[in-house]
Structures are given as C-alpha cells and as structure tokens.
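Scroll down for the structure; my scribbles are underneath it.
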Amino acid sequence: MDIVLALGGGGSKGNAHIGVLRVLEREGFNIRAVAGTSAGGIAAAAYAAGYTPDEMQRYMAQLDQSSFYGFHLSGEPALLGVDGIHKALYKMIGDKNFADLRIPCAMAAVDLESSKEIILKEGGVMDALMATIAIPGVFPPKRRDGHLLVDGGLLDPVPVSIVRAISPRRRIPVVAVALSPEMAERSVIKLSGLITPSPILNQIARLKVAQAFEIFMRSLEIGSSAITDLRLEIDKPDIIIRPDVAHIGYLDRVDVADVARLGELAVEAVLPELKRIARRRRGIFRRSIAARSDE
C-alpha cells in the first residue's frame, strides 16, 4: 500500500513522527515520498536517508538534549544558537544532497525578504534542515541560494501540497501528521517552560527576557495551530494523524520513546480508515492502468 507523508513541525513534539513511521512500516505501508517542516523536516530527512524508525529513536534517545541550544553571540540576529543541534544532525545526515536520498524528500521554509514559501528539495540536506528549523528570532535564519530562510511553519506547518508535488504518482494517498491539537482542544497547548525554568533553557530562564520569550513562543504555537487548520482545509490530505502531544513544549527535554509511543497510538487509531483509503486508491490506479492498456 503506497502512501506519501507530510510531517508537521513542533519542536520536541517531533519525536512522535518516529512512532508514526514505525507503525506505518509495520502495517505494510510503502512510503514513496516524504516532506517535512521544522521537526518534521528532521524526521523526513532521516527517514529518506535510510534510517529505520528504531535507529532514529536510538540515536535521538542517546543525545544530550540540554546541549542542543546555547546563546547566539555572532552572525545573524537570534536569541539562541544551534551549534549543538547542527552537530547532532550532521552525524546523521553528513554531506548528503537531496539526490542522494533513497526516496523523494522536500522541506518547507520561508524567505524573510520576499515573504514567500520556499520548497527545499535540491542541494545540501543539512542547509535545508538548518533553514526549516530556524524559528524566527529564536534561531538564526539560514542564507541559502539568495534567500534568508526561516522555519517553514510560518506558512506551511504540515507540507501537504509539497509532498503531493514530489509524489511519484498522482493518486497515491497523502497522509498528514499534524503536531498541533484540533481547534476544540487548543487550550491544552503547553507553555514552553521558561517561566518555570526548563533544563534545556536554563541559560536564559533567570533573565528578564524570559517571560517575553515565553509569550512569543506561546503566540507562535497558537498561530501555527490556526495556520495548520487552514492549510489542511485547503490542501485536503486524504487522512490526518494527530498525535496527542499538545502538553509538550517546543523546546522541552523529553523521553524520546514516550513521545514516539504517542505517534504509534495516533496511527493505530486511524489504521482502519487509512487502509480503506489506500486500498481504494490502489484499485482506482489499477483500473486506470487497465483502461489505458485496452485503448
């Protein structure tokens, strides 16, 4: 059963994508293309590079999450630096280009200078990753191909239209994984942990800017959730998977296995519907091939 997969952004919530991928593989789904925004871009790149969900989980679990972020003291304006997360991702991805990946893969970013969405699907994967995770004002933007790029979640939190565009066949079902809650559940979005200092961000938790940062991150999540709903309504994936991760802040330190398990549970809840959609689309495709062969 062929599908293509759009993986949404959400910082630490993104570990849920590991569980989503694991159950999809276990149930016999063949992921033919993958696109991601922000944390979804990390999962997309790792999977397209050939890592299994189990390998992804083991790697992420052994990382020191408190070393991902630090003060950003030079270069582009940003509150936090990303040397730690760059180092961790580079050990997985290295110098791979998109052409080196085993399945089509793309990521979403936004150009601050043109205010347009930029689809990253060529060139160096690491450059694309550092662009798609660049929360504006928090992490430094990435200069690439004449653009000044930041987190694609500003315009496309779950890149359904992007994965549809790189799909090897038009009728393959599009599965969207959104890490934000539906409208009725939006009040459970968790604060990022800066008012009550989190282990990862204790560098800035005692500063007067901490509460302003907290307000900004909460506002970003609220806006991203609303844009997610609007884009999903417009782009119309065949099915939406929503792991129960609203209680996790963007920059929280998490138990990777626990968050991955939330992804597994979310897929299991929609499996019957997903299998029906995949089988129906496969039947339509086969009938279409047969009709063309009879002409």
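In table form, for the structure just shown:
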| read-out | value |
| --- | --- |
| Set 96/116; 96/236; 236/275; 121/275; 87/116; 121/142 screened for pairs whose C-alpha atoms are more than 22 Å apart | 96/116; 96/236; 121/275; 87/116 |
| Principal axis dimensions, largest first and in whole angstrom, of the stretch 49-110 by Cα | 37, 29, 19 |
| Proximal charge balance of residue 39 [Cβ under 11 Å; K/R count +1, D/E count -1] | 0 |
| Surface share of carbon and sulfur [accessible, 1.4 angstrom probe, percent] for the stretch 47-166 | 51 percent |
| Separation in nanometres of the label points that stand 7 Å from Cα toward Cβ, at residue 273 and residue 143 | 4.6 nm |
| Heavy-atom surface of the stretch 1-129, accessible at 1.4 Å and reported per residue (Å²) | 39 Å² |
| Percent of Cα-Cα distances greater than 24 Å, calculated over the stretch 1-125 | 29 percent |
| Distance in nm between pseudo-label sites at residue 236 and residue 113 (7 Å out along the Cβ direction from Cα) | 3.7 nm |
| FRET efficiency estimate (nearest 0.05) - Cβ-Cβ, residue 83 to residue 280, R0 30 angstrom | 0.05 |
| FRET efficiency estimate (nearest 0.05) - Cβ-Cβ, residue 265 to residue 59, R0 22 angstrom | 0.50 |
| Estimated FRET transfer efficiency when R0 is 41 angstrom, pair residue 99-residue 171 (beta carbons, to 0.05) | 0.95 |
| Estimated inter-spin distance, residue 66 and residue 90, nm [label 7 Å along Cα→Cβ] | 2.4 nm |
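The values are calculated or read from the model by the stated rules, or taken from the named source; none is laboratory data. None of the values given here were measured: they were computed from a predicted structure. All Cβ positions, glycine included, derive from the backbone under ideal geometry; neighbour counts span all protein chains shown. When the accessible area is computed, the model is the full protein with side chains, heavy atoms only, and any ligands, DNA or RNA have been set aside. Shrake-Rupley method; radii C 1.70, N 1.55, O 1.52, S 1.80 Å.
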